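Reviewing the structure listed below.
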Amino acid sequence: MKMKSLVRWCLALSVAGITLSSSLFSGTLKALALTETQIVERLKSIPVFAVADENGAPLVARIPQNAQSTPNADSPSVAGVFINPIDAQAFITRLKQENPSLGNKLQIIPVSLGDIYQLDRRNNQQEGVNFTYVPTNRQVELAQQLNPENFQGVPLFIAKAGAEGGYLTLQQNEEQVIPFFFEKEGIEQMVERFKEQQPSLANTIQIQAVPLEGVIQTLEQNDNAELQKIVLIPTQASLEYINTLRQQNQR
């Protein structure tokens, strides 16, 4: 996605009117699905951050075929895509210290998660570069606390409440949507507002963590129009980064 599109991104979520969905999720994600076009629509408003050279080419690594081998020209190529721009910058800073000749040439390139998803699917079909999502360690740790079975992947945080376990929704424009937060702090703030509005349900609230990769995979395998209610909420650092770019673009 081009910069002009990136800097137009915005969230239109109301802090009031938090309600519960019906039995949309029924406690699991196994019944959820969207078409490929709808999946891209769900992902396109999420900025992610690639590390690239001065020409904009993504930094890639060769992955050995097994633990006993070393990378070579035939090894799969993998490029990391950071969920949080702070992690991308920390990666570049570390490379500058370890390998200045390489690190000093690198830059952060914001791209749409929807674009990465489409490109990754195309590359898998053509044996091109594979993309791997790099979550923030802190959010993984928080997800693992919610999922003692050792959570894997990029966490998305959601909340449910009530006797039937309906998922908390927010109002976006004139529609009720179900937010999937990339940060646990975001869903916690939403939960606190819900407690103020529905104190009788405060003790029924549960926060859950699900992997982004698992959600995408499930969406690819099924079909359910109700998933149009899902909205992914970027990290605060991502929104601030994109807002800074927007301000620079207006100068």
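Read-outs: derived from the displayed coordinates by stated rules, not from any lab. Just so it is clear, the structure is predicted and the values come from calculations on it, not from any experiment. Using ideal geometry, Cβ is built from the backbone for each residue, glycine included, and neighbour counts are taken over all protein chains shown.
Gln208 meets all of the listed conditions (1) over 17 Å from the mean Cα position of the chain (by Cα); (2) more than 30 Å from Ile108 (Cβ to Cβ) but one, namely (1).
Only one entry in Thr204, Thr169, Thr218 is over 30 Å from Asp87 (Cα atoms) and hydroxyl-bearing (Ser, Thr, Tyr), namely Thr204. Applying a threshold of 6 Å to beta carbon distances and a minimum spacing of six or more residues, or different chains, the list of pairs starting in region 41-58 at a residue that is free of Cβ contacts under 8 Å to residues at least 60 places away in the same chain and ending at one that is part of a loop (DSSP other than H, G, I, E, B) and surrounded by fewer than 21 Cβ atoms within 10 Å (Cβ to Cβ) reads Val51/Leu59; Val51/Leu106; Asp53/Lys105; Glu54/Lys105. Of all residues in region 84-106, those satisfying the criterion of being surrounded by 15 or more Cβ atoms within 10 Å (Cβ to Cβ) and not charged (D, E, K, R) are Asn84, Pro85, Ile86, Ala88, Gln89, Phe91, Ile92, Leu95, Gly103, Leu106.
Applying the set (1) touching a Ser or Thr at 6+ places or on another chain (Cβ under 7 Å); (2) under 23 Å from Ile46 (Cα atoms); (3) surrounded by fewer than 21 Cβ atoms within 10 Å (Cβ to Cβ) to Tyr167 leaves exactly one unmet item: (3). Region 102-161 holds strands (runs of 3 or more DSSP E) entirely within its bounds, and those carrying 1 or more residues that are more than 30 Å from Phe194 (Cβ to Cβ) and in contact (Cβ under 8 Å) with a residue 40 or more places away in the chain map to 107-112, 130-134.
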